[in-house]
1. Tell me, what is the 1.4 Å probe accessible area of residue 80, in Å² to the nearest 10?
2. Lys and Arg at +1, Asp and Glu at -1: add these up for the other residues within a Cβ distance under 13 Å of residue 123 and post the number.
3. Of 24, 32, which has the most accessible area with a 1.4 Å probe, and how do the rest follow in descending order?
4. I want the local charge near residue 85. Using Cβ-Cβ distances under 10 Å, sum +1 for each Lys or Arg and -1 for each Asp or Glu among the other residues.
5. In nm, what is the difference between 0.36 nm times the number of residues separating residue 41 and residue 109 and their Cα-Cα distance?
6. Subtracting the Cα-Cα distance from 0.36 nm times the residue separation, let me have the gained length for residue 123 to residue 28 in nm, one decimal.
7. Highest mean first, what order results for 114-122, 89-97, 34-42 on Cβ atoms within 10 Å?
Amino acid sequence: MNDDDELKQTQPQPEAGDPAADDDMGAIKVADEVLSIVAGLAASEVNGVYGMSGGIREGLTDMLGKQNFSKGIKVYTEGHTVRVEVHVIITYGFNIPDVAIKLQEKVKEAVESMTGYEVTGVDIHVEGVKKKKEKSQIEKDDTDELVKKWEEAPDEPKAEPGALPAPQEAPAPEGHKEEAPAEVQPEETTGEGTSGGDK
């Protein structure tokens, strides 16, 4: 046996999935932004999370109309391990510790399953509590109110449901009286003044 063969036998062989095993094919590195997006999407799926809390940068992004899935997430990577910070606003009425535990579990599971990185910790920072968003008056369905008004309308001819309304005449412009057309009186005919008759 030569010296190279002896050296290979004494060195521990890397296991599959170990970053050292990637040397033959190349390394796989997941960008911190991707880790943040995965964590942010997972966090937003947890019941009781009103929204993510970001700083000034995220506020400007929101004002510009851009969607930022990594809002409120900070990641700290070292090799193939990651520590995640989640900054959230909780919906009023939910138990904050219960929501925080669900957040930790969901974020850890999502990051590990999608990236293969080991999550060493998920720190939750609750930065606010807000009431659930309610529908504005504009968004509410007012069909029932319209039907009620239609049913209570004075005795106007009502069309069958689903039928088109009867056309209505447009009102005359102000200051302009519409006169009824004058009736045309038929001329009486007498024998006088007609041609071809005897006098």
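The values are calculated or read from the model by the stated rules, or taken from the named source; none is laboratory data. From a predicted model like this one, the values you see are computed outputs, not experimental measurements. Using ideal geometry, Cβ is built from the backbone for each residue, glycine included, and neighbour counts are taken over all protein chains shown. Accessible surface is based on the protein model in full, side chains and every heavy atom, while ligands, DNA and RNA are left aside. Shrake-Rupley method; radii C 1.70, N 1.55, O 1.52, S 1.80 Å.
1. 60
2. On the way: positive: 74, 83, 108; negative: 85, 127.
After counting each charged neighbour, the total is +1.
3. Details: 24 145, 32 65 Å².
I get 24, 32, largest accessible area first.
4. Result for the neighbourhood of residue 85: +1.
5. On the way: separation 68, 0.36 × 68 = 24.48 nm, distance 1.21 nm.
Extra length from residue 41 to residue 109 when fully extended: 23.3 nm.
6. Numbers: separation 95, 0.36 × 95 = 34.20 nm, distance 2.55 nm.
Once the chain is fully extended between residue 123 and residue 28, it gains 31.6 nm.
7. Highest mean packing first, the order is 34-42, 114-122, 89-97.
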